[in-house]
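Working notes, beginning with the structure itself.
The values are calculated or read from the model by the stated rules, or taken from the named source; none is laboratory data. All figures in this text were calculated on a predicted structure; none of them were measured in a lab. Note that each Cβ is placed from the backbone with ideal geometry, even for glycine, and that neighbours are counted across all protein chains shown. What goes into the accessible areas is simple: the full protein's heavy atoms, side chains included, and nothing from ligands, DNA or RNA. Shrake-Rupley method; radii C 1.70, N 1.55, O 1.52, S 1.80 Å.
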Amino acid sequence: MKHTFIATLFAAAIALPAYAADYTIIAPAAPGGGWDQTARSLQTVLQQEKISGSVQVQNVPGAGGTIGLAQFSSQAAGNPNSLIVGGYVMVGAILTNKSPVTLKDVTPIARLTGEYEAVVVPSSSEIKTMADLVAALKKDPGAVSWGGGSAGGTDHIAVGLIAKASGVDPTKINYVAFSGGGEALAAILGGQVTAGVSSYSEFESQVKSGTLRLLAISSDKRVDGIDAPTLKEAGTDVSIQNWRMVAAAPGLSAEQVAAVTADFEKLHSSAAWQETLKTKGWADTYLSGDAFKAQLEKDVSATEGILKDIGLVQ
């Protein structure tokens, strides 16, 4: 009887879903922004697909993600259950903030998504087109204020490139940095800045409701479902894509890294994640392993060059 009971327990145990670690994901920004949306989308899909039994999201905002990055690097070292989302914004913020902690201090797992930058104004604005905005910028660069994410991030770089392409000294731009997408959106809607720049998904509902006017998007060609010209079409020779990634803690073994990577391979191939990409308007730019690490090194080098060109890094 005793053996039968133990055998029954054993059979029941192996019949249970074999969940991976219960993950904690750091979103190194305030709620409402792209990193927060990414972290919470990962949370939903990892649990829904039974890849992980429990996933918690913690927001640690500030300094373009470098505060969260530094905290994560020191406190999560050696912990395979801890993850952090980041991306192109963080690459720039590390450089502009001269952060002592860089992406070399974490374990890159995968590039997850890509998204284009959108340029918007309040629907009540006298600025009707991208040409109107560029004309105002040329007339008086300081009088045109731009609201976006943290200094040195994708939004800031995009504004600098727009200025440079328009023949305006990028160091003269009036860029107002916000730590979270919610704060930036409130400032744009409230008319506290002339224009806003961020990933399209952060403005989508307001664009569709008519409270924001979409002037242009930073893709090379028009994007299906987005009724706006590209910056190039509008006469400004700029294209730029924001990408987002997930990284694990430093100090993990090869086996631990492989296990985390395998979980994200499962996530990427799931129908739920593919539907999330479609719903959010995120491009599927998934890249993992050594290929992602090599691409990340190239992106860091290229970003440093861009930031120097537009005067954000010496």
Single condition residue 216 does not satisfy, out of (1) within 18 Å of residue 132 (Cβ to Cβ); (2) in a helix (DSSP H, G or I): (2)
When residues of the stretch 241-275 are limited to those that are within 23 Å of residue 208 (Cα to Cα) and touching a residue at least 40 places away in the same chain (Cβ under 8 Å), the one surrounded by the fewest Cβ atoms within 10 Å (Cβ to Cβ): 241
Given (1) open to solvent by less than 10 Å² (accessible area, probe 1.4 Å); (2) of a type outside the set (Ser, Thr, Tyr); (3) modelled with pLDDT of 95 or more, index of the condition residue 127 fails: (1)
Residues located in the stretch 52-88, provided they are of a type in the set (A, V, I, L, M) and out of contact with any Leu (no Cβ under 6 Å at 6 or more places or on another chain): 57, 60, 63, 67, 69, 70, 76, 77, 83, 84, 85
Options 136, 228, 234, 165; residue that is touching a residue at least 40 places away in the same chain (Cβ under 8 Å) and either at positive phi or within 23 Å of the chain's Cα centre (by Cα) (or both): 228
Check on residue 224, surrounded by fewer than 17 Cβ atoms within 10 Å (Cβ to Cβ), over 24 Å from residue 92 (Cβ atoms) and charged (D, E, K, R): yes
Enumeration of residues in the stretch 168-195 that are under 25 Å from residue 61 (Cβ atoms), over 20 Å from the mean Cα position of the chain (by Cα) and open to solvent by 60 Å² or more (accessible area, probe 1.4 Å): 189, 192
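Table: residues versus (1) within 24 Å of residue 302 (Cα to Cα); (2) at pLDDT 95 or above.
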| site | (1), (2) |
| --- | --- |
| 122 | no, yes |
| 131 | no, yes |
| 166 | yes, yes |
| 202 | no, no |
Scope the stretch 220-274; condition touching a Phe, Trp or Tyr at 6+ places or on another chain (Cβ under 6 Å) and either closer than 13 Å to residue 51 by Cα or assigned to a helix (DSSP H, G or I) (or both); matching residues: 267, 268
Any hit, the stretch 89-102, residues being assigned to a strand (DSSP E or B), small (Gly, Ala, Ser) and either within 22 Å of residue 264 (Cα to Cα) or open to solvent by less than 20 Å² (accessible area, probe 1.4 Å) (or both): no
Residue check, residue 78 among the small types (Gly, Ala, Ser) and crowded, with 20+ Cβ neighbours inside 10 Å: no
Considering residues of the stretch 145-167 that are assigned to a loop (DSSP other than H, G, I, E, B) and open to solvent by 10 Å² or more (accessible area, probe 1.4 Å) only, the residue farthest from residue 38 (Cα to Cα): 167
Conditions (1) open to solvent by less than 20 Å² (accessible area, probe 1.4 Å); (2) farther than 25 Å from residue 251 by Cα; (3) not assigned by the TED database to the domain that holds residue 197: number failed by residue 50: (1)
